[in-house]
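What follows is one structure encoded as structure tokens, with my remarks underneath.
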């Protein structure tokens, strides 16, 4: 237990009363020579909000003092929510008068203004801002004669930013800019800033994506020392390193990736053994050989934690000299790898395995499209071109289906939510939006990577060494109970909902496959589950029904994978020293936290660019009519998803044939007079009436209620805004009256694995 943990444990004791610093030093018997170190720890804990210093200079933990520490999530209407650090606590609503100068993303301390009563959430007031999240903000500049202001792109930042005339930096109205905050907001006073970068006019090609990159503080450029180190790495594998490793260059090893992929970090091989078992080889780029611990490359990789896959570009975790060069498993060249050979029986059980450093030379750079065409379509040209590898591909399919069957039988959950593939022209304009097809080749790689990740995680678990697991905790019983109530009304039931097994959920998904209620049940089920994350503790993976799981197979684009490679190689050389183990224990905790946080940033940025391009695509299709499926129902309307995955909002205020009431228990809108019901999964016909690229919003109206006129359009309402406003009442036209109920939870994105297109609860 570290000194920090000892201090926190002491303060959490029931008998503890807040003490002065001098009293803490005395009670904890801190040696005089360690006083300076002790004070530094106290300051660090206070700065992080893990302990609180009262007005009387006494220290305690926030949970014992009726305080909440967490991240503030803003809303453009001025109110917000605190997402507590304590994951067992519900979000706390913060009214406008309780924000007290906080901005979206700030780390704050708050006190309760109202406890949870009568089903309403707790209310809080922010009393201290620990860390500011937005030192710079991206937005659109508007100028006047004497001053200007910036309207933030991020709608969770409610206040426009005031810009004095001498801080315009030549910016003009309508331009996207980066503004540095020079004065933080106060009650009834907007934040103030100065423009430090002009990105271009909001309508100029490319400005939109650049704005998103700046908004999420992503960096396409690497620091000079990182580039310098990368450039010094030879692009050819030295002979002495080849001699040191196991040589696998004679094997039929291939990569299978998307057509556009350039960072090829995994390759596979398979053969049938004489005993009837399969020998699966998974060969992963040995990035750790080039990115050494605490080097400039490593520090930058830790900071970024993940590659970010935007619609028109990749922002890599590592410089392209590595990600697309010496680390990428390009065809017919020598590459250093960490190989895992798994002997798998005909039932899909790994009976033996071996992990070692290797050198490979892949035979071919295969694509998902071509492998699928070989296996499913018997394409004659491809069959001839890859005739030497055809038996291998057939064997891969055979093994993948066995592994998938085994995973299904144990209860692994697979959702079938469609994903989008957005096609852009040379100017970045979207010219097509298609549904991304999951094929047998995607499934081959998915199953092989899952098997490898499980094998590695279990291997390290039994060594008791410091490690980064990929975990997916069991769902909240209350959420499962609510889910069970919903499906009961649809004619289904989950047994043992108090302690649910993932197999029960997968069996339910199998039952509803192809049925009208499939969409509503799948959507609500996903919302009822926890989100996967990284952890230094093995908490299991509920969604995969796996006791042990990690991310090992993508070290080019994920930092936890790189750390795991280092740990495996270090353990192969012998037992860790006590000092080294202590260091690694602290490091994997920090790496897991950073990687989990940056994963969320990456997902949000990816989703933002995707939504932006979808809205832009539909801008040229105003007035067109489409068939779609209701994907989400809320108190303010319903979202309709088209066959190409594009989603738009039909507002209650546009549904003029009746007064619609939101039924939060059945996720439906019910007509008060005619009793017509709209629920998730229903097919409807809609017309596109408006798009707002800035708000990433597409507005539909139902064709059967096509009296809605273009000159009566309303301001677009973002999904996030509307869902967070608990008291929204949709105001219809003329004299009609609509009733809104409780807010619904945000629709979760089914995209988990950007490489394989996997729709399981993890990638």
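Just so it is clear, none of the values below were taken in a lab; they were calculated from the coordinates. Predicted, not measured: the structure shown is a model, and the values here were computed from it. No Cβ is skipped: glycine too gets one built from the backbone with ideal geometry, and neighbour counts run over all protein chains shown.
What the table below lists for this structure:
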{"item": "Isotropically averaged projected area of the range 136-204, using the convex hull of Cα atoms (one quarter of hull area), nm²", "result": "4.4"}
{"item": "Residue 583 versus residue 604: modelled label distance in nm, points set 7 Å from Cα along the beta carbon direction", "result": "3.4"}
{"item": "Value of Rg to Rh for the range 474-529 (Rh from inverse mean 1/r over Cα pairs, i.e. Kirkwood)", "result": "0.91"}
{"item": "As computed over the chain, the Cα convex hull volume per residue (Å³)", "result": "200"}
{"item": "Where only C-alpha atoms are counted, convex hull volume of the range 3-62 per residue in Å³", "result": "77"}
{"item": "Segment residue 188-residue 379, length gained on full extension (0.36 nm per residue, minus Cα span)", "result": "62.0 nm"}
{"item": "Efficiency of FRET from Cβ geometry, residue 401 and residue 547, R₀ 22 Å, rounded to 0.05", "result": "0.45"}
{"item": "For the range 383-486, Kirkwood radius (reciprocal of mean inverse C-alpha pair distance, Å)", "result": "18.1"}
{"item": "Spin-label proximity, residue 16 to the range 59-77 - amide N less than 17 Å from point 7 Å beyond Cα toward beta carbon", "result": "59-69"}
{"item": "Cα pair distances in the range 235-463, grouped into 5 Å bins until the bin that holds the longest one, percent each", "result": "1, 6, 12, 15, 18, 18, 15, 9, 4, 1, 0, 0"}
{"item": "Taking 433, 701 and counting other C-beta atoms within 10 Å, the order from fewest to most", "result": "433, 701"}
{"item": "Gain in span if fully extended, residue 663 to residue 144, counting 0.36 nm per residue against the direct Cα distance", "result": "182.2 nm"}
{"item": "Cα→Cβ-extended label distance, 7 Å offset, between residue 46 and residue 429, nm", "result": "5.9"}
{"item": "Inter-centroid distance (Cα atoms) of the range 599-634 relative to the range 312-332, Å", "result": "29"}
{"item": "Per-peptide average of other Cβ atoms within 10 Å, ordering 593-602, 179-188, 261-270 highest first", "result": "261-270, 593-602, 179-188"}
{"item": "Spin-label pair residue 421/residue 643, simplified geometry with 7 Å Cα→Cβ offset, distance in nm", "result": "1.6"}
{"item": "The range 8-135 - convex hull of alpha carbons, volume per residue in Å³", "result": "122"}
{"item": "Segments 25-33, 159-167, 639-647, 42-50 sorted - mean Cβ within 10 Å per residue, highest first", "result": "639-647, 159-167, 42-50, 25-33"}
{"item": "Cβ-based exposure ranking for 216, 356, in which fewest neighbours within 10 Å come first", "result": "356, 216"}
{"item": "nm² value of the averaged projected area, convex hull over the Cα atoms of the range 68-202", "result": "8.5"}
{"item": "Rounded D (µm²/s) - the range 356-397, Kirkwood Rh over Cα pairs, Stokes-Einstein at 37 °C, 0.692 mPa s", "result": "293"}
{"item": "Chain lengthening between residue 246 and residue 330 when straightened (0.36 nm per residue, less Cα-Cα)", "result": "28.3 nm"}
{"item": "Residues 397, 228, 613 arranged by fewest to most Cβ contacts within 10 Å", "result": "228, 397, 613"}
